[in-house]
């Protein structure tokens, strides 16, 4: 009788230990993946986004242009899309330099231009037409794309451990 009672207790302890040993590789896998994400300066959602960009670049449908050059002809975006520098809390002092676009057909982006067709003597009809915008350059590799949130491994680690996550989201409430 004593032997059966002892086996019953030991069996339960053994089952718990087996479950712990079987779960251990899963926990180690999550730890390694999250250390990689900290090293890369991204979240799990961004990991999927960067994979999409990589595939699009390999398909040769991604172009980039300097934001400063685009600002010469395009109006500024609304503040909820592109906030003012003083409203950006994190990462402080870091702003994107390039604008990326994915073109469905792989052709270079165009810009609308006013053209005049006529007989060469100043007579003619003005109309809009699309011309290739030479400010855009085809992206050849993912290494050409900058991740503004990647502060380097140690800064990313300090940032993730300091629980800063909610500080960079700025919510504006307006009352009428």
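The values are calculated or read from the model by the stated rules, or taken from the named source; none is laboratory data. Predicted model, so just to flag it, every value in this text is computed and none were measured. Ideal geometry is used to build each Cβ from the backbone, glycine not excepted, and the neighbour counts take in all protein chains shown.
Give me the pairs, please: first residue somewhere in the stretch 105-122 and surrounded by 10 or more Cβ atoms within 10 Å (Cβ to Cβ), second residue anywhere and at pLDDT 65 or above and not in a strand (DSSP E or B), beta-carbon distance under 6 Å, and either six or more positions apart or on two chains.
Partner pairs satisfying both residue conditions: 106/60; 106/61; 108/136; 109/133; 109/136; 110/133; 111/133.
Among the residues of the stretch 29-85, write down those that are more than 30 Å from residue 107 (Cβ to Cβ), in a helix (DSSP H, G or I) and touching a residue at least 60 places away in the same chain (Cβ under 8 Å).
Passing the criteria: 38, 39, 40.
Would you confirm whether any residue within the stretch 58-71 is within 16 Å of residue 135 (Cα to Cα), surrounded by 14 or more Cβ atoms within 10 Å (Cβ to Cβ), in contact with a helix residue (DSSP H, G or I) (Cβ under 6 Å, 6 or more places away or on another chain) and modelled with pLDDT of 75 or more?
Yes, some residue in the stretch 58-71 is within 16 Å of residue 135 (Cα to Cα), surrounded by 14 or more Cβ atoms within 10 Å (Cβ to Cβ), in contact with a helix residue (DSSP H, G or I) (Cβ under 6 Å, 6 or more places away or on another chain) and modelled with pLDDT of 75 or more.
Any chance the stretch 36-44 includes a residue that's surrounded by 14 or more Cβ atoms within 10 Å (Cβ to Cβ) and under 25 Å from residue 136 (Cα atoms)?
No, that holds for no residue.
Confirm whether residue 169 is out of contact with any helix residue (DSSP H, G or I) (no Cβ under 9 Å at 6 or more places or on another chain), modelled with pLDDT under 50, surrounded by fewer than 13 Cβ atoms within 10 Å (Cβ to Cβ) and within 16 Å of residue 46 (Cβ to Cβ). Spell out the reasoning first.
Working: out of contact with any helix residue (DSSP H, G or I) (no Cβ under 9 Å at 6 or more places or on another chain): yes; modelled with pLDDT under 50: yes; surrounded by fewer than 13 Cβ atoms within 10 Å (Cβ to Cβ): yes; within 16 Å of residue 46 (Cβ to Cβ): yes.
When the stated conditions are applied, residue 169 passes them.
Identify the residue in the stretch 152-166 that is at pLDDT 80 or above and in contact with a helix residue (DSSP H, G or I) (Cβ under 7 Å, 6 or more places away or on another chain) and, among all such residues, is surrounded by the most Cβ atoms within 10 Å (Cβ to Cβ).
Top of the filtered list is 156.
Scan (1) modelled with pLDDT of 85 or more; (2) part of a loop (DSSP other than H, G, I, E, B) for the single condition residue 94 breaks and write down its number.
Every listed condition holds for residue 94 apart from (1).
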